[in-house]
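Please read the structure below before turning to the comments.
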Amino acid sequence: MGVNKLKTISLKVNGVTKEIAVEDNELLLNTLRDKLGITSVKAACWRGECGLCTVLLDGIPVKSCMTLSVEADGKEVITAEGLYSDERAKKLMESFVKHGALQCGFCTPAFVVTSHYVLSKNPEIDGEELKKELNGVICRCGTYYQIYDAVKDAEKYYKKEKSY
Amino acid sequence: MSFTTPYFTLPKFVYLKPSTLEEALSMLKQYKGKAKVKAGGIMLINLMKERQIVPEYVIDLKNIKELKTINITQRGVEIGSMVTAIELQNSKEIKELCPTLAKAASFMGDRTLQHTVTLGGNISVAMPSTDGLTALMSMDSMLEIKSAEERRFIHSSELVIGLGKNSLKEDEIITKIIVPYNGDVKGTYLKFLNASEVAIATVAVTAHLNKKKFALVVGALAPKPYYFNNESLQWNWEEPVSVNIQRASEIVSKTVEPMSDVVASSEYRKHISKVLTARALKEVFGGE
Ligand SMILES: Cc1cc2nc3c(=O)[nH]c(=O)nc-3n(C[C@H](O)[C@H](O)[C@H](O)COP(=O)(O)OP(=O)(O)OC[C@H]3O[C@@H](n4cnc5c(N)ncnc54)[C@H](O)[C@@H]3O)c2cc1C
Ligand code: FES
Ligand code: FES
C-alpha cells in the first residue's frame, strides 16, 4: 500500500521555498515545529479548539493541527517569524507591547498572525466585528481587551495612505 | 507528554487528491469501505486522532473545482458541497436568497475554522452540535448525491439517521445542496449557547410571506433536527402575530423530546426551544 513512503512537498515558508519529505499522515503543525524549527507556532489542544497553532496558508488563517502537510503542497505558509519583514506587521507587534496585550505570551504569535490577516483585509474594522474575527484564538491569561486595543491602534499602519 | 501518542497524531493512511469529481467517485468505488472523503477535514481529522475512524485511504475533495461553486438555476440556488462557511457568509446570492443559511454559517465553528469548514462536511457529520442541517431543512433543501454509478436526490431531512450516522452509502458523496426558489424570503437562525459555548438549542426559520408559508426547525436537541411548518404550528394568518407565536412555541415545547446530557437537561433544552422559537418568529414576523 505504500503507506510508509515519504512524499516530497514544496512549501514556501516565510518567503523561502523548501522541499520537505513528509508522511501522508503528518500534520502541518509537526512539519513546521519539528522539521523546520518554527516555534512561534504553538501546540496546545491538538483538536482545533485553541487556535494557538494558527498560520497563514496562502494568506488565509488555518489551524495547523487540523491541516495535513501533504495538503499544503505547493502553497505558501506565513508564521509570526515571517511577519518581521512586513513593516505594518512590525508596527502591529509593537502595538501589542505598547498595550500590554500579553501576559505569558503563549498566544501572541497566533493573535499577531490572525490580526495581521484581519487588518490586511479591513483596516477599518468595527470593534464587535474584530472580536468575532479573532474568536478562533484563545488567550488563557485573558488579555483580550488589551489585544483588541492593540489591534485597533495598529489599524493606521494598514491603511493605504500611510498617515503615520 | 509525548506528541507521538494517539490523540496528537494521525493513524497511517494513503492520501489521495483527485482533481475531478469523476476521479474522486471512481476512487471511492475502488476503495469502497476502506476510504473516507475529506472536505474541510475538521471533523475527520479529530475523529482519526481519536481512532474513532481509521480509514486506509483519505480522498481529499479540496481540488475539485466543480464542488466549490454557487449557481442560480431553474431549480433554485445550487451550492457545491465544498463551499466554505466563510464563502456562505460572504456570498451576495446566499445572503439574499438563503438568509437563514448565511446566518447559520456564522456559527459553524470559530471564525478561523470557518475558512476551512464546508457545508457538505458540516451536514455529513450528523452531530446535534452542527448548524448546517437545521438551516437547510428550514429551507426545504434537497441534496444531490452521487456515486460512480448513480445520481440521486434526497430531501435534507432524510440525511441524518442517528448520532454520527447519515444515510449515504460508502461510495456516495454529497455533491450539491439545492435550495428551491420560493420567491420573497425572510429567515433567521438563532443559537443558544451555554457558558462553554456548547449549543443548548438552535432555531431556524425560513418564511415565504408571498406564499403564506414558513418552516421552523429546532436543532441541537437530538441527532436529527425537529421540523415544523405553519400547518403543524397551527398558524392562522388572520390572527394577531402574538397569539400565533404563543401557540406555536407551546406546540414546539410539547413536541420535542430533547436528550439529557452533561450540557443540559431535557427540560432545560425544552424550555430554551420554546423561548428561541418565540424569539425567532418575532424576528421574522414582528409583533410586540
Ligand atoms: C472546536 C470546534 C468547534 C466547532 N463548533 C461548531 C459549531 O458550533 N457548529 C457547527 O456547525 N460546526 C462546528 N464545528 C465544525 C463541525 O464540528 C465539523 O467539524 C465541520 O463542520 C465538518 O466540516 P468539514 O468540511 O471539515 O468536514 P470533514 O471533517 O472533512 O468531514 C466530516 C465527515 O463527513 C464526511 N464528508 C465530508 N464531505 C462529504 C461529502 N461532500 N459527502 C459525503 N460525506 C462527506 C467525511 O468523510 C467525514 O466523515 C466545530 C469544530 C471544532 C473543531
Ligand atoms: S493546537 Fe491547533 S487549535 Fe489548539
Ligand atoms: S498571554 Fe498567556 S495565553 Fe495569552
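Laid out as a table, the results:
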quantity: Spacing of the two label points (7 Å from each Cα toward its C-beta) at A:T39 and B:Y181, in nm; calculated: 5.8
quantity: Choice from B:K274, B:K254, B:K224 showing the highest fluctuation, given a GNM over chain B with Cα pairs closer than 10 Å; calculated: B:K254
quantity: Cα centre as origin, Lys/Arg/Asp/Glu Cβ charges: region B:14-60 dipole, Debye; calculated: 160
quantity: Of A:K156/B:K92; A:K18/B:K34; A:K12/A:K156; A:K131/B:K103; A:K132/B:K224, those spanning more than 25 Å from alpha-carbon to alpha-carbon; calculated: A:K156/B:K92; A:K18/B:K34; A:K12/A:K156; A:K132/B:K224
quantity: Sites B:D261 and B:E66 - FRET efficiency at Förster radius 41 Å, r taken between beta-carbons, to 0.05; calculated: 0.55
quantity: Relative contact order %, region B:14-60, counting alpha carbon pairs below 8 Å whose residues are six or more apart; calculated: 58
quantity: Stokes-Einstein D for region A:86-158, Kirkwood Rh over Cα pairs, 20 °C, 1.002 mPa s (µm²/s); calculated: 182
quantity: For the protein assembly as shown: rounded, prolate or oblate by the Cα gyration tensor [a/c cutoff 1.5]; calculated: oblate
quantity: Peptide B:45-57, shielding by other chains (average Cβ, 10 Å cutoff); calculated: 2
quantity: Neighbour net charge for B:L44 - beta-carbon separation under 9 angstrom, K R +1, D E -1; calculated: +2
quantity: Net +/- balance of residues flanking B:E158 in space, Cβ distance below 14 Å, scoring K and R +1, D and E -1; calculated: +1
quantity: Estimated distance in nm for a label pair at B:S129 and A:Y145, the labels positioned 7 Å out from Cα along Cα-to-Cβ; calculated: 3.0
quantity: Kyte-Doolittle mean at least -0.5, axial Cα span of 18 Å or more - DSSP H helices of chain B; calculated: B:241-255, B:266-285
quantity: Environment charge at B:D184 (Cβ cut-off 12 Å; Lys +1, Arg +1, Asp -1, Glu -1); calculated: +3
quantity: Peptide-level mean, for B:35-44, of C-beta atoms on other protein chains within 10 Å; calculated: 2
quantity: Chain B: calculated mean residue ellipticity at 222 nm from DSSP helix runs of at least 4, using -39500 (n - 2.57); calculated: -8500 deg cm²/dmol
quantity: A:K98/B:N194 FRET efficiency (R0 51 Å; Cβ-Cβ; nearest 0.05); calculated: 0.90
quantity: Cα-Cα pairs of region B:14-60 separated by more than 13 Å (percent); calculated: 53
quantity: For chain A, size of Cβ-based charge dipole, Lys and Arg +1, Asp and Glu -1, in debye; calculated: 240
quantity: For region B:185-285, the fraction of alpha-carbon pairs in successive 5 Å shells from zero, as %; calculated: 2, 14, 26, 25, 16, 9, 5, 2, 0
quantity: FRET efficiency, 1/(1 + (r/R0)^6) with R0 35 Å, evaluated for A:E76 and B:K95 via beta carbons; calculated: 0.70
quantity: Dipole magnitude (debye, nearest 20) for the protein assembly as shown, charges at Cβ of Lys, Arg, Asp, Glu; calculated: 360
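Values quoted throughout were computed directly from the atomic coordinates according to the rules given, and no laboratory measurement underlies them. Please read all numbers here as calculations on a predicted model, not as lab measurements. Using ideal geometry, Cβ is built from the backbone for each residue, glycine included, and neighbour counts are taken over all protein chains shown.
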